[in-house]
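Report on the structure given below.
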């Protein structure tokens, strides 16, 4: 299997590194050319203009789930015309009392070519299969909810 990597760059802009008095803002670089501005979540003092690791985690899960769903749909002959999702990462304390992403909700909306449809049960089954085969979902285990819209 391949190793997939990013580059992360942070430097202090304040005179000293003191608790609560420094910026977490940093850059994550993909493929040595695409830069993403990242910061702490707004509840933890991060800038709302930047993404945060919790959003990035939800994005990774949503993307993986969609790509898995599309691969399964293509194998089944389902003519997917569009796929939209609104993923939400929920912060809270886990069973050990540690702050964590306690749950990620996916809310996929799938549209098909005109004249094609599947019933709700078949769509739910395909979404469940996509969840079971998604690499990121398998990494996160029990903390994913899929709400089919």
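The values are calculated or read from the model by the stated rules, or taken from the named source; none is laboratory data. Since the model is a prediction, treat every value here as computed from it, not as a measurement. With ideal geometry, Cβ positions are generated from the backbone for all residues, glycine too; neighbour counts draw on all protein chains shown.
Note on region 116-130: residues that are in contact (Cβ under 8 Å) with a residue 24 or more places away in the chain and out of contact with any strand residue (DSSP E or B) (no Cβ under 6 Å at 6 or more places or on another chain) amount to 8. Only one of the numbered conditions (1) modelled with pLDDT of 90 or more; (2) surrounded by 10 or more Cβ atoms within 10 Å (Cβ to Cβ); (3) out of contact with any helix residue (DSSP H, G or I) (no Cβ under 9 Å at 6 or more places or on another chain); (4) more than 30 Å from residue 133 (Cβ to Cβ) is not met by residue 24, and that is (3). The conditions are (1) closer than 30 Å to residue 115 by Cα; (2) surrounded by 10 or more Cβ atoms within 10 Å (Cβ to Cβ), and residue 75 fails exactly one of them. Which is it? Among (1) closer than 30 Å to residue 115 by Cα; (2) surrounded by 10 or more Cβ atoms within 10 Å (Cβ to Cβ), residue 75 violates only (2). Filtering 65, 84 for residues that are crowded, with 16+ Cβ neighbours inside 10 Å and outside the structural domain of residue 39 (by TED's automatic domain parsing) leaves a single hit, 65. Based on what the data block shows, is residue 120 more than 20 Å from residue 56 (Cβ to Cβ) and exposed (fewer than 11 other Cβ atoms within 10 Å of the Cβ)? So residue 120 passes the test.
Restricting region 1-21 to residues that are assigned to a loop (DSSP other than H, G, I, E, B) and under 18 Å from the mean Cα position of the chain (by Cα), which is modelled with the lowest pLDDT? Out of the qualifying residues, it is 4.
The residue list 74, 89, 47 contains one member that is over 14 Å from the mean Cα position of the chain (by Cα) and modelled with pLDDT under 95, which is 47.
Number of residues in region 27-36 that are under 13 Å from residue 5 (Cα atoms) and loosely packed, with under 14 Cβ neighbours inside 10 Å: the value is 5. Out of all the residues in region 110-129, is one or more modelled with pLDDT under 95 and closer than 25 Å to residue 51 by Cα? No - not one qualifying residue is present in region 110-129.
When residue 52 is tested against (1) over 17 Å from the mean Cα position of the chain (by Cα); (2) modelled with pLDDT of 90 or more, only condition (1) is not met.
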